[in-house]
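The values are calculated or read from the model by the stated rules, or taken from the named source; none is laboratory data. Remember, predicted model here, so these are calculated numbers, not experimental data. A quick note on method: Cβ atoms are made from the backbone with ideal geometry, for glycine too, and the neighbour counts reach across all protein chains shown.
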Amino acid sequence: MNFIEPILALCSNRAVLAKENPVLPGPQSILSNDLLSAQNLFGVSFDYFIDWTTNQLNRDFWLKCPVETTDQVDWSNLSDEAIAGSLRSHQKFRDLVDFSLANSCSATAIIFDDRQQWSSKPSKIIYAHWPKNPDSKKGLDISRVGLPEIEEMIKIRSGGPIAIGRKGLIYGTSALECHLSRTDALWPGDADLLICEKSTMRPMALIEYKKHTASSTIQFQEQRLSNYYPRPDGRKYDRLALLSEQIASDRRIKIFTLYYSTIESELSVKIEEIIGTSGGLMGGKVLDVDISPRDPESGYRQVIAEIIRQST
């Protein structure tokens, strides 16, 4: 069983991909562990729950794992051993397990064929939770569930039903996420990039990617937290703040928004620190970093170096 990367695309037509800068790659395609490792850093991405009745972080982190399917292989009937073997070769899930082991967390892979018609047919989802044995920190607990079971898990972990309106998301990273955005079992928010010390997995900084497009009514130079907080995206940023306040046992880690543009002439990114606590966030120091299309990795290394400098 092979996995494919979740792709941000239009919910109403998954063939229409989200716009990107034609000459400058975005941070999600550059800030890999190959780049971070040279700076003695490690990055991890995941989806996470906040129980909104208590503002408590659920320390079981989810990873969407859409499968690459063929007519010859019935992925949903693979043995537990075959599923475990496939996840051992899934680098992002292995990274999430390594991070979870070092930070008193757990990791769950949500495996699915995103070609399913989520609204009209019986659904098949594999739920693979690490660790199966909490004492030895080993093994995968694998179960096969349907969409109703996933919806119930989401509601329980969120502290009850949660919705964003009947229209749902415009863009999503999977048809599953798009479908759930029109229900009262909204898929959990994501951590775009949590940076850690490579040797210890100690969390250092949380980065939120914010894309600017030509259709935006806000100029790229005017991008800042106050455009989005406390409205219309208050819950999104409060969710990030609660993660930053609870992921490390001894301190709050810093949060940064990394603004980047799909406009070809915009060849810089903007770093804004988010200060304050959940329910009372403000924009802090802002720094622009030029990124050369000829060598974008060097520019993004400077971005990470600045974020780590401000975080230590």
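What's the total number of residues in the range 208-239 that are closer than 16 Å to LYS19 by Cα and in contact with a strand residue (DSSP E or B) (Cβ under 7 Å, 6 or more places away or on another chain)?
5
Output the number of the condition that ILE291 fails; it satisfies all remaining conditions of (1) surrounded by fewer than 15 Cβ atoms within 10 Å (Cβ to Cβ); (2) farther than 28 Å from GLN56 by Cβ; (3) touching a strand residue (DSSP E or B) at 6+ places or on another chain (Cβ under 7 Å); (4) of a type in the set (A, V, I, L, M).
Status for ILE291: all satisfied but (1).
Quick check, is ILE156 part of a helix (DSSP H, G or I), of a type in the set (Val, Ile, Thr) and surrounded by fewer than 20 Cβ atoms within 10 Å (Cβ to Cβ)?
yes
Quick one: how many residues across the range 288-306 are among the hydroxyl-bearing types (Ser, Thr, Tyr) and within 15 Å of ASP34 (Cα to Cα)?
2
Conditions first: (1) crowded, with 16+ Cβ neighbours inside 10 Å; (2) more than 26 Å from LEU57 (Cα to Cα); (3) among the β-branched types (Val, Ile, Thr). VAL286 passes all but one, so which condition is the exception?
Here VAL286 clears every test but (1).
Residues that are exposed (fewer than 14 other Cβ atoms within 10 Å of the Cβ) and among the hydroxyl-bearing types (Ser, Thr, Tyr), at least 1 per element: which helices (runs of 4 or more DSSP H) completely within the range 1-98 meet that? Don't jump to the end; show me each part of the working.
Details: elements: 27-30, 33-37, 80-88.
Correct list: 27-30, 33-37.
How many of the residues in the range 219-234 are in a helix (DSSP H, G or I) and crowded, with 17+ Cβ neighbours inside 10 Å?
Residues of the range 219-234 that are in a helix (DSSP H, G or I), as a first pass: 220-222, 225-227, 234.
Okay, now just the ones that are also crowded, with 17+ Cβ neighbours inside 10 Å, so 220, 225.
The number of residues fulfilling the criteria is 2.
Looking only at the range 198-217, which residues are crowded, with 22+ Cβ neighbours inside 10 Å and either on the phi > 0 side of the Ramachandran plot or not aliphatic (A, V, I, L, M) (or both)?
Across the range 198-217, the qualifying residue is only PRO203.
Among what's in the range 239-281 and is assigned to a loop (DSSP other than H, G, I, E, B), touching a residue at least 60 places away in the same chain (Cβ under 8 Å) and not aliphatic (A, V, I, L, M), pick the residue that is surrounded by the fewest Cβ atoms within 10 Å (Cβ to Cβ).
SER249
One line per residue, one yes/no per condition, for (1) within 30 Å of GLN310 (Cβ to Cβ); (2) touching an Asp or Glu at 6+ places or on another chain (Cβ under 6 Å); (3) buried (at least 16 other Cβ atoms within 10 Å of the Cβ):
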| site | (1), (2), (3) |
| --- | --- |
| LEU140 | no, no, yes |
| ALA163 | no, yes, no |
| ARG166 | no, no, no |
| ILE170 | no, no, no |
| CYS178 | no, no, yes |
| ARG182 | no, no, yes |
| LEU186 | no, no, yes |
| ASP192 | yes, yes, yes |
| CYS196 | yes, no, yes |
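Out of curiosity, is VAL303 assigned to a helix (DSSP H, G or I), at pLDDT 95 or above and not small (Gly, Ala, Ser)? Spell out the reasoning first.
On the way: assigned to a helix (DSSP H, G or I): yes; at pLDDT 95 or above: yes; not small (Gly, Ala, Ser): yes.
Here the answer is yes, as VAL303 does meet what is asked.
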